[in-house]
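A.B. asks: Dropping a structure here in structure tokens format, bear with me for questions.
The values are calculated or read from the model by the stated rules, or taken from the named source; none is laboratory data. This one's a predicted model, so the numbers in the text were calculated from it and none came from an experiment. We place every Cβ from the backbone using ideal geometry, glycine too, and count neighbours over all the protein chains shown. The area values use the complete protein model at the heavy-atom level, side chains included, leaving out ligands, DNA and RNA. Shrake-Rupley method; radii C 1.70, N 1.55, O 1.52, S 1.80 Å.
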Amino acid sequence: MEPYAILGVIGAFISNDYILILDRILLGGATVAVQVSITGYIADCFTGETRMKMIAWQGMAIELGGVVFLAIGGILGEINWQFPFYIYLIALLCMVFVMKTLPQPEITSSTEKVSTETPKNNKYRVKLIFIASLLAMMLFFVGFVTLPLYLPQTFEFTESVTGYFMASISLIAIITASQMPQMVKLLGDGKTVVLGFSFFMLGYLVLATTASIPFLVLTVIFIGVGFGFTIPLLNHMMVEASTAKTQGKNLGLFSMGVFGGQFLSTFIEYVSHDYKAIYAVAVGLALIIASVMFIMFRNVAKK
């Protein structure tokens, strides 16, 4: 966490563009390291349904952090543009809490035996989870890339109202993630992921076909539910598909998928200058992805 804090806060004092880019790249690496280590810790301390619940809570915490700290960053940014960078220093406080409170996981011999066995069709399942996480995050961030421009342009939303709208999506994602384990019990993990992609499709369908403020509530619900049924669950599925030897590598692969999806979403604006056309493309992509994922997860289940 110390590199994360340092690399984050020094961005406020870097004036050279190339050094700033390098700093942000290194910060991204530190972010992945923190995320992988947290998920790995959960995997070492918990198993089965309890592990799924903890990873769901992890997803909730990530989204809640986005809501809280983006809001704080906006307030601090109005005071001074450098102040939001100081939020990264909270990582040092978190490091102290981690060192003082988190116990070392106790791995029994039986746990080691189970965790070192290689699951059937392991490699295929890991690749499928990686692709699903990349595509899910890409679809989720299509909204976060376009809505800050689309909402003020179409509905004359102010910056603060737009911020509240975006935060509402994250809040729905938090609520949905808390219910994800129950949905998995009902449908199974593969079908739940497919359902998440279907909700992404519905969210962008609303944006592509209507220009009414009341219908935006549906967009908030659908996109938030889409995240809650995909990213936290795929994180758990990657842990379940890993052995003791491959866990670190596979969790790193999952993080690559998540951040790679965020990167790919930035190219959606090259599709068209018409946002409704962009959302129509997102609908088509979500429909195709949901259909393909349904077939692929069904094939995995049969093997």
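A.B. asks: Has region 199-216 got at least one residue that is closer than 20 Å to residue 58 by Cα and touching a Ser or Thr at 6+ places or on another chain (Cβ under 8 Å)?
C.D. replies: no
A.B. asks: If you scan region 236-270, which residues turn out to be at pLDDT 85 or above, loosely packed, with under 15 Cβ neighbours inside 10 Å and either over 20 Å from the mean Cα position of the chain (by Cα) or outside any helix (DSSP H, G or I) (or both)?
C.D. replies: Scanning region 236-270 gives a single hit, 270.
A.B. asks: Here's another thing I want to ask about it. Yes or no: residue 244 under 30 Å from residue 152 (Cβ atoms) and of a type in the set (Gly, Ala, Ser)? Quick ask: steps written out before the conclusion?
C.D. replies: Working: under 30 Å from residue 152 (Cβ atoms): no; of a type in the set (Gly, Ala, Ser): yes.
Answer is no for this residue.
A.B. asks: Collect the residues in region 162-176 that are touching a residue at least 24 places away in the same chain (Cβ under 8 Å) and open to solvent by 60 Å² or more (accessible area, probe 1.4 Å), keeping them in residue-number order.
C.D. replies: 171, 175, listed by residue number.
A.B. asks: Another one. Taking interchain pairs and intrachain pairs at least six residues apart, which have beta carbon atoms under 7 angstrom, with the first residue in region 143-161 and farther than 16 Å from residue 67 by Cβ and touching a residue at least 12 places away in the same chain (Cβ under 8 Å) and the second open to solvent by less than 50 Å² (accessible area, probe 1.4 Å) and assigned to a helix (DSSP H, G or I)?
C.D. replies: 145/265; 145/268; 146/268; 146/275; 146/278; 150/275; 151/162; 151/165
A.B. asks: Might you let me know whether region 177-189 holds any residue that is closer than 18 Å to residue 291 by Cα, in contact (Cβ under 8 Å) with a residue 12 or more places away in the chain, open to solvent by 40 Å² or more (accessible area, probe 1.4 Å) and not hydroxyl-bearing (Ser, Thr, Tyr)?
C.D. replies: Within region 177-189 (the criterion being closer than 18 Å to residue 291 by Cα, in contact (Cβ under 8 Å) with a residue 12 or more places away in the chain, open to solvent by 40 Å² or more (accessible area, probe 1.4 Å) and not hydroxyl-bearing (Ser, Thr, Tyr)), the answer is yes, since at least one residue qualifies.
A.B. asks: Considering 91, 33, which residue is in contact with an Asp or Glu (Cβ under 9 Å, 6 or more places away or on another chain) and either among the hydrophobic types (A, V, I, L, M, F, W, C) or open to solvent by 60 Å² or more (accessible area, probe 1.4 Å) (or both)?
C.D. replies: Only one candidate passes the filter, namely 91.
A.B. asks: Picking from 14, 10, 21, which residue would you name as being more than 27 Å from residue 239 (Cβ to Cβ) and open to solvent by 70 Å² or more (accessible area, probe 1.4 Å)?
C.D. replies: Result: 21 is the single residue among 14, 10, 21 that is more than 27 Å from residue 239 (Cβ to Cβ) and open to solvent by 70 Å² or more (accessible area, probe 1.4 Å).
A.B. asks: If we keep just the residues of region 192-210 that are closer than 22 Å to residue 163 by Cα and in contact (Cβ under 8 Å) with a residue 60 or more places away in the chain, which is surrounded by the fewest Cβ atoms within 10 Å (Cβ to Cβ)?
C.D. replies: Filtering first and then ranking leaves 208.
A.B. asks: Moving on to the next point. Tell me whether region 143-150 contains one or more residues that are in a helix (DSSP H, G or I), more than 20 Å from residue 211 (Cα to Cα), modelled with pLDDT of 90 or more and under 17 Å from the mean Cα position of the chain (by Cα). Before the answer, list the steps.
C.D. replies: Initially, region 143-150 is screened for residues in a helix (DSSP H, G or I), giving 143-150.
Then drop every residue that is not more than 20 Å from residue 211 (Cα to Cα), which leaves none.
No, region 143-150 has no match at all.
A.B. asks: Can residue 75 be described as part of a helix (DSSP H, G or I) and over 22 Å from the mean Cα position of the chain (by Cα)?
C.D. replies: Yes: the conditions hold for residue 75.
A.B. asks: Which of the residues that make up region 44-86 are exposed (fewer than 15 other Cβ atoms within 10 Å of the Cβ) and among the acidic types (Asp, Glu)?
C.D. replies: If the condition is that a residue be exposed (fewer than 15 other Cβ atoms within 10 Å of the Cβ) and among the acidic types (Asp, Glu), then 49, 78 are the ones that fit.
A.B. asks: Collect the residues in region 58-69 that are touching a residue at least 40 places away in the same chain (Cβ under 8 Å) and closer than 18 Å to residue 168 by Cα, keeping them in residue-number order.
C.D. replies: The answer is 59, 60, 63, 64, 66, 67.
A.B. asks: Looking only at region 271-289, count every residue that is open to solvent by 70 Å² or more (accessible area, probe 1.4 Å) and part of a helix (DSSP H, G or I) and tell me the total.
C.D. replies: In the first step, residues of region 271-289 are kept if they are open to solvent by 70 Å² or more (accessible area, probe 1.4 Å); the result is 271, 273-274, 287-288.
Checking which are part of a helix (DSSP H, G or I) leaves us with 287-288.
So the count comes out to 2.
A.B. asks: Is it the case, given these coordinates, that residue 155 is within 13 Å of residue 200 (Cβ to Cβ), touching a helix residue (DSSP H, G or I) at 6+ places or on another chain (Cβ under 8 Å) and surrounded by fewer than 24 Cβ atoms within 10 Å (Cβ to Cβ)?
C.D. replies: No.
A.B. asks: Then there's this: Give 88, 18 a once-over and let me know the one that is farther than 24 Å from residue 255 by Cα, at pLDDT 85 or above, assigned to a helix (DSSP H, G or I) and not hydrophobic (A, V, I, L, M, F, W, C).
C.D. replies: 18
A.B. asks: Mind listing whichever residues of region 211-226 are open to solvent by 10 Å² or more (accessible area, probe 1.4 Å), in contact (Cβ under 8 Å) with a residue 40 or more places away in the chain and within 28 Å of residue 52 (Cβ to Cβ)?
C.D. replies: 220, 221, 225, listed by residue number.
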